[in-house]
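Structure record follows, encoded as structure tokens.
The values are calculated or read from the model by the stated rules, or taken from the named source; none is laboratory data. Given the structure is predicted, the values throughout are model-derived calculations rather than measurements. Glycine gets a Cβ as well: all are built from the backbone with ideal geometry, and neighbour counts include every protein chain shown. For accessibility, only protein heavy atoms count, side chains too; no ligands or nucleic acids. Shrake-Rupley method; radii C 1.70, N 1.55, O 1.52, S 1.80 Å.
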Amino acid sequence: AHPPIRTICCIGAGYVGGPTMAVIADRCPGIQVTVVDLNAERIAAWNDPDLGRLPVYEPGLDAVVGRARGRNLHFSTEVDAAIAAADMVFLSVNTPTKTKGVGAGQASDLRWIEASARQVAASARGHTIVVEKSTLPVRTAETVKAILGAAQQNRPEGDRRQAKTFAVLSNPEFLAEGTAIADLEAPDRVLIGGEDPAAIESLAGIYGTWVPQDRILRTNLWSSELSKLTANAYLAQRISSINSIAALCEATGADVREVGRAIGTDSRIGSKFLQAGPGFGGSCFQKDILNLVYLCRHYGLEEVAGYWEQVVTLNTWQQDRIARLVVQRLFGTVTGKRLAVLGFAFKADTNDTREAPAIRICQDLIEEGARLVIVDPKVSAAQIAEDLGQPSSPADGGWQTAGSPLEAASGADAILILTEWRDYARLDWGAIAAQMRRPAWLFDARAIADAAAARAAGLNVWRVGEG
Ligand code: NAD
Ligand code: UGA
């Protein structure tokens, strides 16, 4: 029999920790869930009475938090107290690519995972199940176990003081931003890796409240850790594959959407993740593949490393290619030209801009002297300034924001669509074209706009993957 879990602590109140714990609390009213973070501002935002101001934007998140917060879902900066009270601690801290030292540019920076493991080692009481929720290099559980093991106090038989013991599990998260709540409420699978059957069943019992048993996969620790990196590598590989074919379509008169449909109907290939675009963004695909590449090199598998590295190389090339193509079509120069950029987030339905393709593309165009006017329904001007590394300015080689696509288009030579926000499928091209300087262009890197309507309104249209 496995002991029931009554209290959970999650270290890290980010894009994963916040939504994941909110759903667990919502589905398991009998478990007290406390999400802790060092970042007091972030915790304050999670506690904001106005649910429209949570630090993470996800459709449906406000309702879930609204139901559970204050009942059995809590957000706090008191890390040690929450660890001490917990039967189970999730480590959901950031694991970005190292910027310095050995493995810089590829390996994961594990300083936050190590710090949080040390904090658990110091503050835990009794038996604590520690769950790796962050995406980690395979064999990180060894490190976590070593840190916890040094603090473990097994008591001899008859010693009535409380023992301090740990079990370590790997439970990677597969949610995608923009659909986090739907993904958490009905996951394709939940993956639990571990060595201690009782600990595995404790965690499986939590998910089992709302996830069918046949979707809860149990593996050893290393398979679980490696499956997360592998899943992201496969997903990203599909995007680089279709983007490579998009370039060939443009050169040959084929249309990547027709090719995508033709291959996607093969059930072995499947129809999802075949959308050509400006290259993948987001905080994880690039970092996780680079981490995989680093691990392969570490184990002496140079050809395997090179194979996966090419997925990232192709992605960077796709982003550069789009910026270059815009300059070329606009008669070889964009200096002083007003370009409207629609969408800055790395995908629709999120306010996240980490590694967004828009960043590189905008930077390249700014470098060429363009005047960018950027619109995004969820990304703030302050965030754009941070990402582009320069404050807003209407000068040549500068950027500013506008309140609507129509306003951004006023006097512009071109419109670039970089994020597939649904509204961009319904733009009034007659009204927009009337505001633009002729000849005017639409560069649709997401192939979401009504290209026929834009052409009918007199625009020159480039769509990704259309020859
Ligand atoms: P994030 O940066 O949004 O959140 C991490 C949080 O951890 C930050 O708020 C940070 O302040 C906090 N933190 C770091 N060290 C701490 C400590 N010692 N004590 C308390 N708080 C601490 O990151 P995220 O996007 O939520 O990602 C977390 C992990 O989940 C990463 O490993 C990532 O690869 C993985 N992941 C992310 C996604 C996603 O969609 N973003 C999906 C699946 C997996
Ligand atoms: C991705 C995975 O889908 C999740 O399973 C995983 O948990 C997560 O990474 C993670 O580990 O962080 P996410 O990055 O949030 O989720 O979003 P995706 O929907 O995968 O999109 C990633 C990027 O690929 C976006 O820039 C998106 O626009 C792009 N994309 C996606 C395409 O260009 N074409 C497609 O067909 C699909």
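Answer yes or no as to whether D352 is within 16 Å of ligand 1 (Cβ to nearest atom) and within 28 Å of A104 (Cβ to Cβ).
yes
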Please name all residue pairs, on different chains or six or more residues apart, with Cβ atoms under 7 Å, provided the first residue is in the range 275-293 and is in a loop (DSSP other than H, G, I, E, B) and the second residue is of a type in the set (S, T, Y) and within 13 Å of ligand 1 (Cβ to nearest atom). C284/T135
Of the residues that sit in the range 89-108 and are in contact with a strand residue (DSSP E or B) (Cβ under 9 Å, 6 or more places away or on another chain) and either within 16 Å of ligand 2 (Cβ to nearest atom) or not assigned by TED's automatic domain parsing to the domain that holds T20 (or both), which one is farthest from P197 (Cα to Cα)? T97
Which one of these does A348 not meet: (1) of a type in the set (A, V, I, L, M); (2) in a loop (DSSP other than H, G, I, E, B); (3) open to solvent by less than 10 Å² (accessible area, probe 1.4 Å)? (3)
Residues of the range 366-381 that turn out to be over 20 Å from the mean Cα position of the chain (by Cα) and either of a type in the set (D, E) or outside any loop (DSSP other than H, G, I, E, B) (or both), as a count: 9
Which condition does G178 not pass, out of (1) crowded, with 18+ Cβ neighbours inside 10 Å; (2) within 16 Å of ligand 1 (Cβ to nearest atom); (3) closer than 30 Å to A122 by Cα, if it passes all the others? (3)
Taking only the range 409-456 into account, find how many residues are crowded, with 19+ Cβ neighbours inside 10 Å and not in a helix (DSSP H, G or I). 22
Residue pairs meeting the criteria (Cβ under 9 Å; at least 6 apart or on separate chains; first of a type in the set (D, E, K, R), in the range 238-251; second within 12 Å of ligand 2 (Cβ to nearest atom) and open to solvent by 40 Å² or more (accessible area, probe 1.4 Å)): R238/K272; R238/F273
Taking T313 as the residue in question, decide whether it is away from ligand 1 (no atom under 16 Å from the Cβ), among the hydroxyl-bearing types (S, T, Y) and part of a helix (DSSP H, G or I). yes
For A305, all conditions in the list (1) touching a Lys or Arg at 6+ places or on another chain (Cβ under 6 Å); (2) without any contact (Cβ under 8 Å) to a residue 24 or more places away in the chain; (3) not in a helix (DSSP H, G or I) hold save one; what is the number of the exception? (3)
Output for the range 217-243, where each listed residue is buried (at least 22 other Cβ atoms within 10 Å of the Cβ), farther than 27 Å from G264 by Cβ and polar (S, T, N, Q): S224
Of all residues in the range 22-48, which are away from ligand 2 (no atom under 16 Å from the Cβ) and in a helix (DSSP H, G or I)? A22, I24, A25, D26, R27, A40, E41, R42, I43, A44, A45, W46
Might you check whether a residue that is out of contact with any Phe, Trp or Tyr (no Cβ under 9 Å at 6 or more places or on another chain), open to solvent by 20 Å² or more (accessible area, probe 1.4 Å) and of a type in the set (D, E) occurs anywhere in the range 357-364? yes
Hey, S202 open to solvent by 40 Å² or more (accessible area, probe 1.4 Å), touching a strand residue (DSSP E or B) at 6+ places or on another chain (Cβ under 9 Å), hydroxyl-bearing (S, T, Y) and at pLDDT 95 or above or not: no
